[in-house]
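The values are calculated or read from the model by the stated rules, or taken from the named source; none is laboratory data. Not measured: the values here are computed from a predicted model. Here the Cβ positions follow ideal geometry from the backbone for every residue, glycine too, while neighbour counts run over all protein chains shown.
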Amino acid sequence: MPDSARTPLPLADSSAAGRLVCWILGAALAATAADLVAPMPPWWPLVWSGLWALLPVTLAFWVPVRAREKRRLREDPAAA
């Protein structure tokens with residue numbers, strides 16, 4: 001099947017990466033709230049710190065993808 005004009009290129013759209021950033025941030029905030037409400041098991045600090053460590057990793061992926069997407073839209077407004 002040939003690619004059509006509507007077929008997005010890989011990593012050409014930042015929405016999936018942006019959703020991932022939002023979900024990780026939400027999970028990290030929920031984990032922090034749960035940590036404040038009740039005592040947690042001994043493995044909990046690993047989960048909590050892992051969620052917060054994933055946030056900058058996903059942001060480091062999302063920022064250049066979003067910048068490239070915005071640059072492409074500035075160069076060709078009809079591409080939106």
field: Residue selected from the range 17-35 under the condition touching a helix residue (DSSP H, G or I) at 6+ places or on another chain (Cβ under 6 Å) and of a type in the set (Val, Ile, Thr), by the criterion farthest from Ala60 (Cα to Cα)
entry: Ile24
field: Restricting the range 64-79 to residues that are assigned to a helix (DSSP H, G or I) and loosely packed, with under 12 Cβ neighbours inside 10 Å, the residue that is modelled with the lowest pLDDT
entry: Ala79
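Okay, residues lined up against (1) surrounded by 14 or more Cβ atoms within 10 Å (Cβ to Cβ); (2) at pLDDT below 90; (3) assigned to a helix (DSSP H, G or I); (4) hydrophobic (A, V, I, L, M, F, W, C):
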position: Pro2; (1), (2), (3), (4): no, yes, no, no
position: Pro8; (1), (2), (3), (4): no, yes, no, no
position: Val21; (1), (2), (3), (4): yes, no, yes, yes
position: Ile24; (1), (2), (3), (4): yes, no, yes, yes
position: Leu29; (1), (2), (3), (4): no, no, yes, yes
position: Pro39; (1), (2), (3), (4): no, yes, no, no
position: Pro42; (1), (2), (3), (4): no, no, no, no
message: Between a residue in the range 17-38 that is touching a residue at least 40 places away in the same chain (Cβ under 8 Å) and any residue that is surrounded by 14 or more Cβ atoms within 10 Å (Cβ to Cβ) and of a type in the set (Val, Ile, Thr), which pairs come within a Cβ distance under 9 Å, given they are 6 or more apart or on different chains?
response: Ala17/Thr58; Ala17/Val65; Gly18/Val65; Leu20/Thr58; Val21/Thr58
